[in-house]
1. Tell me which residues, restricted to segment 23-76, are in contact with a Leu (Cβ under 9 Å, 6 or more places away or on another chain) and acidic (Asp, Glu).
2. Is it true that Glu51 is outside the structural domain of Leu170 (by TED's automatic domain parsing) and of a type outside the set (Phe, Trp, Tyr)?
3. Tally time: how many residues in segment 8-48 are closer than 25 Å to Cys180 by Cβ, of a type outside the set (Lys, Arg) and assigned to a loop (DSSP other than H, G, I, E, B)?
4. Name the single residue that is modelled with the lowest pLDDT among those in segment 81-99 being part of a loop (DSSP other than H, G, I, E, B) and in contact with a Lys or Arg (Cβ under 9 Å, 6 or more places away or on another chain).
5. Go over the candidates Glu71, Glu101 one by one and state the one that is out of contact with any His (no Cβ under 9 Å at 6 or more places or on another chain) and farther than 18 Å from His205 by Cα.
6. Over 30 Å from Gln360 (Cβ atoms) and buried (at least 22 other Cβ atoms within 10 Å of the Cβ): is that true of Val225 in this structure?
7. Give the residue that is surrounded by the most Cβ atoms within 10 Å (Cβ to Cβ), with candidates limited to residues of segment 239-254 that are under 20 Å from Ser132 (Cα atoms) and out of contact with any Cys (no Cβ under 6 Å at 6 or more places or on another chain).
8. Return only the number of the condition from (1) under 20 Å from the mean Cα position of the chain (by Cα); (2) assigned to a loop (DSSP other than H, G, I, E, B); (3) over 18 Å from Gly310 (Cα atoms) that Phe68 does not satisfy.
Amino acid sequence: MKMKDKGNILDLEAEVIYNGLCCYCGTCGAFCKEYISFEQERPVTRKKCYEIHGACYDFCPRTFFAPFEVERAVFGAVRRDNLLGYYATEEDIFTARATDETVRARGQDGGVVSALLGFLLERGELDAAVVSKKSEEGEGAGEGTGEGTGEGTGVWEAEPFVATTKEEVLAGAGSKYTQCPSVLGVGDALERGYKKVALVGLPCHIQGMRKVQLSRGFDVGAERVKLCVGLFCTETLEMPRLKAKLTELGTRIEEVEKFNIKKGKFIVQTQEGKELKTPIKKLRDCVREACDYCYDFAAEFADLSVGSIGSELGWSTVIVRSEPGREAVKQAEEAGILETARLSEEQLEAVRGLASFKKQGNLKSIYEKAERVRIMNLEVEPERLGKFFGVGGEKKE
């Protein structure tokens, strides 16, 4: 992919970090650890960098992003579905779950991602999978030994984890709903010499990874990332604010067993078996500021996109976008690892509805932050904005 702008760490700070746009995906620091570290969920420079053209600026998903160019490069075609992004046919959207009841119980919404990654690792199709794992108090960096690659600052802090076995994948199962610098894990996996790596991430992680893979200016071995699995995402929560909200609900982060979101409710399951619920709208003050400028619900640039919306309880909706994604699902289904079923039109519209809600809801924020038609980080021609947002491309009042 031809980079349309060039910048360095100072430009990244001015345009993204200090402008409230940093999504804490970890892409900038994953391949520049000498200069960039993270504090308070923000990148900081370790020492002065004199590069005029920096990988940190090139790779960041919030500096610039050419969606149709990325789609052509990754999928070989551009989207026909304004809201869900590229997929070849309606048959590429379906519902699925793991056949193993143990995996279903430990995973999220049917354990599709956990089952698929575990299968591909055991089969030798992958030798590492970067997942998000909740940290334990005092945990540090490591690989494939029950240790993460992040800061490990406290219980339930999400940190990247390089899994190499099915059991290690299951150790990272379940949604955290807070942000994780997952691409840092990719940098670690490549540095350690893994040849067939998978990344599981949110839309921002996938966008950053695609920019790394398509960069012409910097070669970091990203061709060894063979599969990108994206998770549906409306927004992520900031941990300090989430802790305060949990206190209001009568519990503490240390007592939480699992989080989930169903039918407009944020559900907290405690280790004592209690289930606490609150409307999602009451978590609005916990949302990361940068999430207000995101237009991607369905992880539109992943090989596979997965999420619970549109599926029955205990199942996940899956969108296959690429040949690597299609082949992975095919192998897992033929081996009896996954079972799949068709989605009804009503279920499919539920997925499109939430994607539309996010795009339309955040479009005003994006326009307010933008200074020109390039719409912040998006390289999209004015006449094509409607095709990308599915809302006509006009400013929402």
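The values are calculated or read from the model by the stated rules, or taken from the named source; none is laboratory data. For clarity, every value in this text was computed on a predicted model and none was experimentally measured. Don't worry about glycine lacking a Cβ; one is built from the backbone with ideal geometry, like all the others, and counts go over all protein chains shown.
1. Hit for segment 23-76 is Glu69, nothing else.
2. Numbers: outside the structural domain of Leu170 (by TED's automatic domain parsing): yes; of a type outside the set (Phe, Trp, Tyr): yes.
Answer is yes for this residue.
3. Result for segment 8-48: 15.
4. Asn82
5. Going through Glu71, Glu101 in turn, just one is out of contact with any His (no Cβ under 9 Å at 6 or more places or on another chain) and farther than 18 Å from His205 by Cα: Glu101.
6. So Val225 fits the description; yes.
7. Residue satisfying both the conditions and the ranking: Met239.
8. The single condition Phe68 does not satisfy is (2).
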